[in-house]
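Bear in mind these aren't lab numbers, they're just calculated from the coordinates by the rules spelled out. The structure displayed is predicted, hence computed values, not measured ones. Neighbour counts are summed over all protein chains in view; Cβ atoms, including those assigned to glycine, are modelled from backbone coordinates with ideal geometry.
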Amino acid sequence: MQQELLLKNNFYNIRNIYLTVAISVGYLLLSILLVGFKTDQLVLIFIFNTLFFISRGTRRFILGFSIFIVYWILFDYMKAFPNYLFNQVHIEDLYTLEKELFGIHYHGLILTPNEYWKINSTAFLDVLTGFFYLMWVPVPLAFATYLFFKNKEQFVQFSLTFVWVNLLGFVVYYAFPAAPPWYVQEHGFEFIAKTAGNTAGLARFDHYFGITLFHGIYSKGSNVFAAMPSLHSSYPVIVVYYGLKNHLGKINIFFFTVMFGIWFSAVYTSHHYMLDVLAGITCAFLGVVSFRWLMRYTGFKRLITGLIRAIDGKAQL
């Protein structure tokens, strides 16, 4: 009885309370300073603190998924530092190169794949591509949840690879600001700072069902001029890689289907050029390869071991 009380007191020790309060308040204040107050921030704080203090199991779970929380916070904070302030935005040159490499001859004109599909869109493809585009978050998170309960080591490696690929993508965002296809369709080749996000072809999905789902999503976009690389196209590559690595059998067929579906959807809905998609695939490939190199030839593996111990109940929480 005394031992159980000691463990309980240790679980709710003052250090943990001070630490979580400090992190929560610090995050909220920094967020207000950089991107302004949003109710999303309070929701995130509530979820983190609730899971942290409910039980040891939920604490390990939220600590594991904090890897994804860090990614989301960094992505949100990009609003405070628009990439077009650091380098010239590529608009016409990217459009021209897309047309030269992937141009489609149509009624005497040469169109980009985005332009071709905008003219030849169908209700079936509008709905199908909308559902595929919605999978870029749930599928990686669902797979991460599976790995968390099935194989902690693979969970940590998958999660860190996911964040690492994003960081590589963010570097390219700032080194090579790029306008998406819908921007050219809406504004031509003129650069307009602070352009609001746009649902582009995904508006047809919203219109079909009479909802504002994608409108709500893209109104919160971090940066319009961050189309290259398409990280939407990177994520399913990471999922497929770890799906194959974990020998998931027929589930990998689903992962492959989602991957090709997201690639096509990115172009069909005018959110990305083919070049953006290829850059996203390349980013994922380089991320996976470089992550494996870091694990093998640096002390990075010790960090992974520590994270595994923290979420596997082998370290004091």
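Taking the Cα centroid of segment 150-209 and of segment 61-122, what is the distance between the two, rounded to the nearest whole Å?
Segment 150-209 and segment 61-122 have Cα centres separated by 6 Å.
Can you give the convex hull volume per residue for the Cα atoms of the chain, as a whole number of Å³? Write out the running numbers ahead of the final one.
Numbers: hull volume 51.4 nm³, N = 317.
Enclosed volume per residue, from the Cα hull, is 162 Å³.
Relative contact order (percent) for the chain, with alpha-carbon contacts under 8 angstrom and 6 or more residues of separation? If you can, show how the numbers build up before the last one.
On the way: 355 pairs, mean separation 74.6, N = 317.
Relative contact order for the chain comes out at 24 percent.
Expected output is a single nm value to one decimal: the length gained when fully extending between His107 and Leu85, i.e. 0.36 nm times separation in residues minus the C-alpha distance. What is it?
On the way: separation 22, 0.36 × 22 = 7.92 nm, distance 3.98 nm.
Residue separation times 0.36 nm, minus the Cα-Cα distance, leaves 3.9 nm.
Within the chain, which complete DSSP H helices have Cα atoms spanning at least 27 Å along the helix axis and a mean Kyte-Doolittle hydropathy of -1.0 or higher?
On the way: long enough: 14-35 (31 Å, 1.90); 56-77 (30 Å, 0.83); 152-175 (35 Å, 0.92); 274-297 (34 Å, 1.28).
Sorted by number, the helices that extend far enough and score high enough are 14-35, 56-77, 152-175, 274-297.
If eta is 1.567 mPa s and T is 4 °C, what Stokes-Einstein diffusion coefficient results for segment 65-205, Kirkwood Rh from Cα pairs, in µm²/s?
72 µm²/s
Summing +1 for each Lys or Arg and -1 for each Asp or Glu, what net charge is found among the other residues whose Cβ lies under 13 Å from the Cβ of Ile304?
On the way: positive: Lys152, Arg292, Arg296, Lys301, Arg302, Arg309; negative: Glu153, Asp312.
So the surrounding residues net to +4.
What number, rounded to the nearest 500 deg cm²/dmol, is the helix-based mean residue ellipticity at 222 nm of the chain, given -39500 (n - 2.57) per DSSP H run of at least four residues and division by all its residues? Present the calculation step by step, with values, prior to reporting the outcome.
Values: 16 runs with 226 residues, N = 317.
Helix-only estimate at 222 nm: -23000 deg cm²/dmol.
Along the Cα→Cβ direction, 7 angstrom out, place labels at Met295 and Val70. What is the inter-label distance in nm?
My value for the distance between the label points is 1.7 nm.
Take the alpha carbon atoms of segment 175-317, find their radius of gyration, then divide it by 2.2 N^0.38 Å using N residues; give the quotient. Please report the intermediate quantities before stating the final value.
Details: Rg = 19.0 Å, N = 143, 2.2 N^0.38 = 14.5 Å.
So the Cα radius of gyration is 1.31 times the expected 2.2 N^0.38 Å.
So which residue, out of His215, His272, His207, gets the largest mean-square fluctuation from a GNM of the chain using Cα contacts under 10 Å as springs?
Among His215, His272, His207, the largest GNM mean-square fluctuation belongs to His207.
Per q in 0.13, 0.31 Å⁻¹, report the Debye log10 I(q)/I(0) for segment 245-300, using one uniform scatterer on each alpha carbon and no solvent.
With no solvent term, the Cα-only Debye profile gives -0.49, -1.09.
Around His90, which amide H atoms from residues at least 5 apart in sequence, or from another chain, sit under 5 Å from its own amide H, with H modelled in the peptide plane?
The answer is Ala178, Ala179.
Rg to Rh ratio, segment 170-229, alpha-carbon atoms and Kirkwood radius? Please report the intermediate quantities before stating the final value.
Values: Rg = 12.5 Å, Rh = 12.4 Å.
Rounded to two decimals, Rg/Rh equals 1.01.
What percent of all Cα-Cα pairs in segment 82-121 falls into each 5 Å bin, going from 0 up to the bin containing the maximum distance?
Once binned at 5 Å, the Cα pair distances of segment 82-121 give 6, 23, 22, 18, 12, 10, 7, 3, 0.
Hey, which of these cross-link pairs are over 28 Å Cα-Cα: Lys118/Lys250; Lys150/Lys250; Lys245/Lys301? Mind dumping the intermediate values first?
On the way: Lys118/Lys250 34 Å; Lys150/Lys250 17 Å; Lys245/Lys301 18 Å.
Check vs 28 Å cut-off fails for Lys118/Lys250.
Between Thr122 and Ile17, what length in nm is gained on full extension when 0.36 nm per residue of separation is reduced by their alpha carbon distance?
Details: separation 105, 0.36 × 105 = 37.80 nm, distance 5.43 nm.
Here the answer is 32.4 nm.
Size of the dipole of segment 175-317 about the Cα centre, Lys and Arg at +1 and Asp and Glu at -1 on the beta carbon, nothing else charged, in debye to 20? Don't skip to the end; give the middle numbers.
Details: 11 positive and 5 negative charges, 179 e Å.
The calculated dipole for segment 175-317 is roughly 860 debye.
Whole-Hz ³J(HN,Hα) for each residue in segment 183-193, computed from phi via Karplus 6.51 cos²θ - 1.76 cosθ + 1.60 with θ = phi - 60°, x for glycine and proline: what do you get?
5, 5, 5, 8, 10, x, 9, 7, 7, 10, 5
Rank Thr129, Thr212, Thr112 by mean-square fluctuation in a GNM of the chain with C-alpha springs under 10 angstrom and give only the top-ranked residue.
Of Thr129, Thr212, Thr112, the most mobile in the Gaussian network model is Thr212.
Could you give the semi-axes, largest first, of the ellipsoid that matches segment 103-185, computed as the square roots of 5 times the alpha carbon gyration tensor eigenvalues and rounded to whole Å? List each step's numbers first, then the result.
Numbers: eigenvalues 251, 78, 16 Å².
Working through the eigenvalues yields semi-axes of 35, 20, 9 Å.
Can you give the Kirkwood hydrodynamic radius of segment 196-256 from its Cα pairs, in Å with one decimal?
Evaluated on segment 196-256, it is 13.9 Å.
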